[in-house]
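Enquirer: First, the structure itself, so that you have it in front of you.
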Amino acid sequence: MRAIKINATTNTLTAVEVDNDTVLEDIYRHGEFSIMERGGSIGHDDLWVDEEGRLKGECRGFYLHTPYGKQLICGNAVVLGHDGHGDCVATHLTLHDVEAHITWLPLNKIIDPGL
């Protein structure tokens with residue numbers, strides 16, 4: 001199924017494939033996560049992020065624009081849809097759709113989220 005990787009190190013978006021039989025492993029691999037959690041949403045699709053992203057000290061990241069304001073995301077993210085019953089499904093968002101909901105930090109900008 002189709003997913004989108006948000007790469008905070010290179011400030012790029014990439015369409016990636018997630019296999020139905022190895023969804024969790026593929027999300028961890030694409031996101032390069034230690035521990036993952038749902039970190040927000042874009043429309044009806046979920047944004048999977050590294051739960052420990054803010055604990056790793058200096059990191060690169062981006063802002064996710066939500067109806068409630070902007071949210072700092074430290075590290076990469078993976079965007080996938082869901083079926084409303086707890087299972088992931090392919091995202092129908094385009095790279096352009098996702099990029100419209102994020103603001104990249106400058107490539108050289110390393111943040112200390114503890115401040």
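Enquirer: How far apart, in nm, are the 7 Å Cα→Cβ label points at residue 66 and residue 97?
Expert: Rounded to a tenth, the inter-label distance reads 2.0 nm.
Enquirer: While we're looking at this one, here's another question. Highest GNM mean-square fluctuation, the chain, Cα pairs closer than 10 Å: which of 17, 51, 25?
Expert: In this elastic network of the chain, the residue with the biggest mean-square fluctuation among 17, 51, 25 is 25.
Enquirer: Based on other C-beta atoms within 10 Å, arrange 80, 13 from fewest to most.
Expert: The fewest-first ordering by Cβ neighbours comes to 13, 80.
Enquirer: Which of the trypsin sites (Lys or Arg not before Pro) found in segment 33-109 are loop residues per DSSP with 13 or fewer other Cβ atoms within 10 Å of their Cβ?
Expert: Those that pass, being in a loop and sparsely packed, are 109.
Enquirer: Okay, next question. For residue 66, which sequence-distant residues (separation of 5 or more, or a different chain) have an amide H within less than 5 Å of its own amide H, given hydrogens modelled in the peptide plane?
Expert: 71
Enquirer: Here is a further query. Who wins for biggest fluctuation among 75, 86, 53 in a Gaussian network model of the chain, springs between alpha carbons below 10 Å?
Expert: Fluctuation is largest for 86.
Enquirer: Given contacts defined as C-alpha pairs under 8 Å and at least six residues apart, what's the relative contact order of segment 49-96, whole-number percent?
Expert: Result for segment 49-96 is 29 percent.
Enquirer: Spin-label point model (7 Å from Cα, Cβ direction): what's the residue 10 to residue 85 distance in nm?
Expert: 3.7 nm
Enquirer: Considering only 45, 19, 83, give the residue with the highest GNM mean-square fluctuation for the chain, with springs between Cα atoms whenever their separation is below 10 Å.
Expert: 83
Enquirer: Still on this structure, please answer the following. Sequence gap at least 6, Cα distance under 8 Å: using those rules, report the relative contact order of the chain to the nearest whole percent.
Expert: It comes to 30 percent, rounded to a whole number.
Enquirer: Please identify every one of the chymotrypsin sites (Phe, Trp or Tyr not before Pro) in segment 1-78 that sits in a loop by DSSP and has no more than 10 other beta carbons within 10 Å of its own beta carbon.
Expert: 68
No value in this document is a laboratory result; all are computed from the given coordinates. No experiment lies behind these values; they were computed from the predicted model shown. Ideal geometry is used to build each Cβ from the backbone, glycine not excepted, and the neighbour counts take in all protein chains shown.
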